[in-house]
Amino acid sequence: MPGIGLLLLRLVAGAGLIFQAITALRGQPPIGVAIVDVLAAIAGVLLLAGLWTPIAGALVAMIELWTTYFSHPPDPWIFILLGTLGVSLALLGPGAWSVDARLFGWKRIDIGDRKG
C-alpha cells in the first residue's frame, strides 16, 4: 500500500509540473523563464516515470522555490505545494511502482525495538 501512495504522489506532482510548464510556455516567455519551465517539465516526466526520483524531487523543490521567490506570482500556493511534494518525494523515494525500483531494487528499512 505505501507504494501505491507514493505512486499517487508522483503522478499528481508530475502531472501538475507538466501542465504548469506547458501553460507557461504557451505565452512565449523570455528565454530565462522558458528554461526554468522546460526543466520543470523534464522533472515532471522523471517523477511520472519514477526515474531518478530523489534528484528530480530536489530539482522540483529548487525550481518552485526559485519561481516563488523571484517571479512573485499572484497566487504562490501552487508553487509551494509542488515544491513541498518535490521535497517529500526526494526524501521518501519513488516507491515500489517505479523505474527506480526496477533498476535498483526495492529498499525497505525496518526499525527494530530498542533494547535497553
Among the residues of segment 53-77, which ones are among the hydrophobic types (A, V, I, L, M, F, W, C) and touching a helix residue (DSSP H, G or I) at 6+ places or on another chain (Cβ under 7 Å)? 56, 58, 59, 60, 61, 63, 65, 66
Failed item, numbered, when residue 34 is tested on (1) free of Cβ contacts under 8 Å to residues at least 12 places away in the same chain; (2) of a type in the set (A, V, I, L, M, F, W, C); (3) closer than 18 Å to residue 77 by Cα: (3)
Are any of the residues in segment 57-72 loosely packed, with under 15 Cβ neighbours inside 10 Å, in a loop (DSSP other than H, G, I, E, B) and free of Cβ contacts under 8 Å to residues at least 24 places away in the same chain? yes
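Determine whether residue 12 is in a helix (DSSP H, G or I), of a type outside the set (S, T, N, Q), open to solvent by 40 Å² or more (accessible area, probe 1.4 Å) and touching a residue at least 60 places away in the same chain (Cβ under 8 Å).
Details: in a helix (DSSP H, G or I): yes; of a type outside the set (S, T, N, Q): yes; open to solvent by 40 Å² or more (accessible area, probe 1.4 Å): yes; touching a residue at least 60 places away in the same chain (Cβ under 8 Å): yes.
Here the answer is yes, as residue 12 does meet what is asked.
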Please verify whether segment 20-37 includes one or more residues that are under 14 Å from the mean Cα position of the chain (by Cα) and open to solvent by 70 Å² or more (accessible area, probe 1.4 Å). no
Identify all residues within segment 73-104 that are in contact (Cβ under 8 Å) with a residue 12 or more places away in the chain and of a type in the set (D, E, K, R); write none if there are none. 100
Would a scan of segment 41-55 turn up a residue that is out of contact with any Ser or Thr (no Cβ under 7 Å at 6 or more places or on another chain), surrounded by 16 or more Cβ atoms within 10 Å (Cβ to Cβ), polar (S, T, N, Q) and under 27 Å from residue 95 (Cα atoms)? no
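The values are calculated or read from the model by the stated rules, or taken from the named source; none is laboratory data. This is a predicted model, so every value here is computed, not measured. Note: ideal-geometry Cβ built from the backbone for every residue, glycine included; neighbour counts use all protein chains shown. Keep in mind that these areas ignore ligands, DNA and RNA; they rest on the heavy atoms of the full protein, side chains included. Shrake-Rupley method; radii C 1.70, N 1.55, O 1.52, S 1.80 Å.
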